[in-house]
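Here is the structure we will look at.
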Amino acid sequence: MKTLSLIFGLSLVFVSECFSQNIETSTIEWNCSSTFDVQTGTINDDATRIVSSANQITWYDDQGVAKETLQVTGHEGSWSNVSNNGSIIFKVISGNYSGIAQFSKANGVMRVRIQMVLDDEVPIYELTVNEINQL
């Protein structure tokens with residue numbers, strides 16, 4: 001009986017690990033319904049998507065063309081299951097520029113915030129996520 005309980009318990013752990021999406025180790029597609037440009041105060045309702053992995057974050061426009069590709073250089077925090085509330089900040093670079101990409105979920109709302117430090121400006125974009133998929 002103890003062996004059966006142990007096997008059942010381990011099976012539950014394995015199943016929950018298979019269905020949890022760890023942003024630090026999985027490739028995840030974040031489908032976004034709108035983008036808020038903080039500098040201009042404008043909201044764009046075009047459907048875009050972001051694909052995140054341990055080494056790279058790519059932001060695609062509404063036509064599926066890569067708009068921005070960011071190389072991940074590190075992260076702050078951890079978020080082992082993006083289905084649950086949580087947050088993580090990735091340190092990123094693109095060419096000679098650096099910035100952050102923050103992925104978060106709070107009160108059922110998922111967001112991605114991208115902030116880059118350029119020569120003469122600091123663009124900040126907040127994307128509202130309506131669906132995620134593990135790739």
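Charges at C-beta only: +1 for Lys and Arg, -1 for Asp and Glu. How large is the resulting dipole of the chain about its Cα centre, in Debye rounded to 20?
700 debye
Give the shape of region 60-103 as rounded, prolate or oblate, defined through the alpha-carbon gyration tensor: a ≥ b ≥ c are the square roots of its eigenvalues, a/c under 1.5 means rounded, and otherwise the shape is prolate if a/b is larger than b/c and oblate if not.
Judged from the Cα gyration tensor, region 60-103 comes out oblate (a/c at least 1.5, b/c at or above a/b).
Just the accessible area per residue of the chain, please: how many Å² with a 1.4 Å probe?
Per residue, the chain has 59 Å² of solvent-accessible surface.
Can you tally the net charge around MET116? Count Lys and Arg as +1, Asp and Glu as -1, for every other residue whose Cβ sits under 13 Å from the Cβ of MET116.
Neighbourhood net charge equals -2.
When the accessible area of the chain is split by element with a 1.4 Å probe, what percent falls to carbon and sulfur?
Within the chain, the accessible surface is 51 percent carbon and sulfur.
Tell me, what HN-Hα J-couplings in whole Hz come from the Karplus equation 6.51 cos²θ - 1.76 cosθ + 1.60 at θ = phi - 60° for each residue of region 120-126, using x for Gly and Pro?
My calculation for region 120-126 gives 10, 7, 10, x, 10, 10, 10 Hz in order.
If I fit a long axis through the Cα atoms of helix 2-19 and take the longest principal axis of the Cα atoms of the chain, what angle between them do I get, 0 to 90°, rounded to 10?
Tilt relative to the chain: about 10 degrees.
From the C-alpha gyration tensor of the chain, pull out the three semi-axes of the equivalent ellipsoid (sqrt of 5λ each), sorted largest to smallest, in whole Å.
33, 16, 13
With only Lys, Arg, Asp and Glu charged, each at its Cβ (+1 for the first two, -1 for the last two), find how big the charge dipole of region 46-114 is about the Cα centre; round to the nearest 20 debye.
180 debye
The values are calculated or read from the model by the stated rules, or taken from the named source; none is laboratory data. In this text, all values refer to a predicted model and were calculated from it rather than measured experimentally. Virtual Cβ from ideal backbone geometry, glycine too; neighbours counted across all protein chains shown. Areas reflect the complete protein model, heavy atoms only, side chains present, ligands, DNA and RNA absent. Shrake-Rupley method; radii C 1.70, N 1.55, O 1.52, S 1.80 Å.
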